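The values are calculated or read from the model by the stated rules, or taken from the named source; none is laboratory data. Since this is a predicted model, take the numbers as computed values, not measurements. Positions of Cβ are generated from backbone atoms using ideal geometry, with glycine treated the same way; all protein chains shown enter the neighbour counts.
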Amino acid sequence: MKSDLLTIIIPTRNRVDLLKEYLEELVVTAGRYGVLVVVSDNCSTDETRSLTEVLSLAYNNFSVVNQDVSLSIDESMIASVAGCRTKYFMWLGDDDRLHSDAIKYVLETLLNEEPDILLLNMGEVSEGDKTYKASIKLENDKLYKDALQFFCEHAFNLPFGSFVLRIESYKLEFYERYMGTSHAYSGMVFDYLAWLQKRGVIKAIVSSRSYVCSKKVEKSWSSNRARIMLYEIPKWFDLLEDYYYPSSLIVRNQYLRKWLTFHGIFRAFRPVGQIKDFNDFDYFSPVQKRVVSLLKRLVK
């Protein structure tokens, strides 16, 4: 396998315990296939730097990029790709785990099919005795040649750490306007695919098997859960290229119908009371704002 084909990039901040569980195992497995692993450390104050320094000395397919100042979610993820020199890259969350044959499958697919994006089915999340099955139900890998169809079917199936992209997607024109939505990585994907579609056809592949699982742990963004889920996610749908309209509006409204309910708002505001001022929540009606205010009082 060629070492210039794929880089796995792990943005992280103060999650050294999760890195200790899996990072070295991943580096060893990736090394067998000539795959590079890079940790982008967002100014951690725990022992992350010590761990990555040891690994960088031990393995020639591992390196670390240390950010000097703390970055936002979007800034950290975008900055992590800056030094990538391989044909494809894959973001992986520090709480994500690849199945034992995931890298082999990814490399074979990239070499044989040369897709613009490879979406890995995500599932089998362990939580005690429970197992969460693959999120996308397919009997066989599915090929898409139409960006709009891919968007309509998978707009919500692009969690961080689940897809492999061509490095040419990493351009300012594809991600710039999504900065501040916590989903620049999602907007970038669909802008890139729309750009390709206008020049011919795209090639997107979705795996039928689940090759990535995410540990059931507190998410690094959970302290800002309400703003991300109820404001920033709807916002990035509004920022999508006109190519996706009106499908982007339909998908956004489906999302809003799910979350802008008493139950949805309660889930988003765990812990309730994260946000004191709702003036910038464009999608909140006066009634929904009153519901949030009531929930805050109930949990005091």
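If we keep just the residues of the stretch 67-81 that are within 17 Å of the chain's Cα centre (by Cα) and part of a loop (DSSP other than H, G, I, E, B), which is surrounded by the most Cβ atoms within 10 Å (Cβ to Cβ)? Spell out how you get there, then give the answer.
Of the stretch 67-81, the ones within 17 Å of the chain's Cα centre (by Cα) are 71-81.
Narrowing the set further to residues that are part of a loop (DSSP other than H, G, I, E, B) leaves 71-72, 80-81.
Details: Leu71: 18, Ser72: 14, Ser80: 24, Val81: 22.
Of everything passing the filter in the stretch 67-81, Ser80 is surrounded by the most Cβ atoms within 10 Å (Cβ to Cβ).
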Point to revise | Residue selected from the stretch 136-171 under the condition among the hydroxyl-bearing types (Ser, Thr, Tyr) and either over 22 Å from Asp242 (Cβ atoms) or not assigned by TED's automatic domain parsing to the domain that holds Ser210 (or both), by the criterion modelled with the highest pLDDT | key: Tyr170
Exercise for review: Could you please let me know if Arg49 is over 25 Å from His183 (Cβ atoms) and exposed (fewer than 14 other Cβ atoms within 10 Å of the Cβ)?
Suggested key: no
Check your understanding: For the stretch 93-135, which residues satisfy the criterion of being modelled with pLDDT under 95, among the hydroxyl-bearing types (Ser, Thr, Tyr) and either more than 16 Å from the chain's Cα centre (by Cα) or under 26 Å from Tyr170 (Cα atoms) (or both)?
Key -> Ser100, Ser126, Thr131, Tyr132
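Scan the stretch 151-181 residue by residue and report those that are of a type in the set (Gly, Ala, Ser) and within 12 Å of Ile78 (Cβ to Cβ). Break it down into steps so the answer makes sense when it comes.
If we filter the stretch 151-181 for residues that are of a type in the set (Gly, Ala, Ser), which is where we start, we get 155, 161-162, 169, 180.
Result: Ser169, Gly180.
Suppose the filter is at pLDDT 95 or above and within 26 Å of Val217 (Cα to Cα); does Ser72 pass it? Spell out the reasoning first.
Numbers: at pLDDT 95 or above: no; within 26 Å of Val217 (Cα to Cα): yes.
Taking the combined requirement at face value, the residue does not satisfy it.
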**Study point:** Listing of helices (runs of 4 or more DSSP H) fully contained in the stretch 139-258 that carry 1 or more residues being more than 30 Å from Gly83 (Cα to Cα)
**Key:** 147-154, 233-238
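So, of the residues in the stretch 189-217 that are under 15 Å from the mean Cα position of the chain (by Cα) and not polar (S, T, N, Q), which turns out to be surrounded by the fewest Cβ atoms within 10 Å (Cβ to Cβ)? Can you show your working first?
Just the residues of the stretch 189-217 that are under 15 Å from the mean Cα position of the chain (by Cα), to begin with: 189-190, 211-215.
Imposing the further condition that a residue be not polar (S, T, N, Q) reduces the set to 189-190, 211-213, 215.
Details: Val189: 26, Phe190: 26, Tyr211: 23, Val212: 23, Cys213: 21, Lys215: 16.
Across the stretch 189-217, the extreme among qualifying residues is Lys215.
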**Study point:** Boolean, Tyr185 is buried (at least 18 other Cβ atoms within 10 Å of the Cβ) and farther than 19 Å from Arg252 by Cβ
**Key:** no
Point to revise | Residues that are farther than 22 Å from Thr7 by Cα and modelled with pLDDT of 95 or more, drawn from the stretch 180-194 | key: Ala194
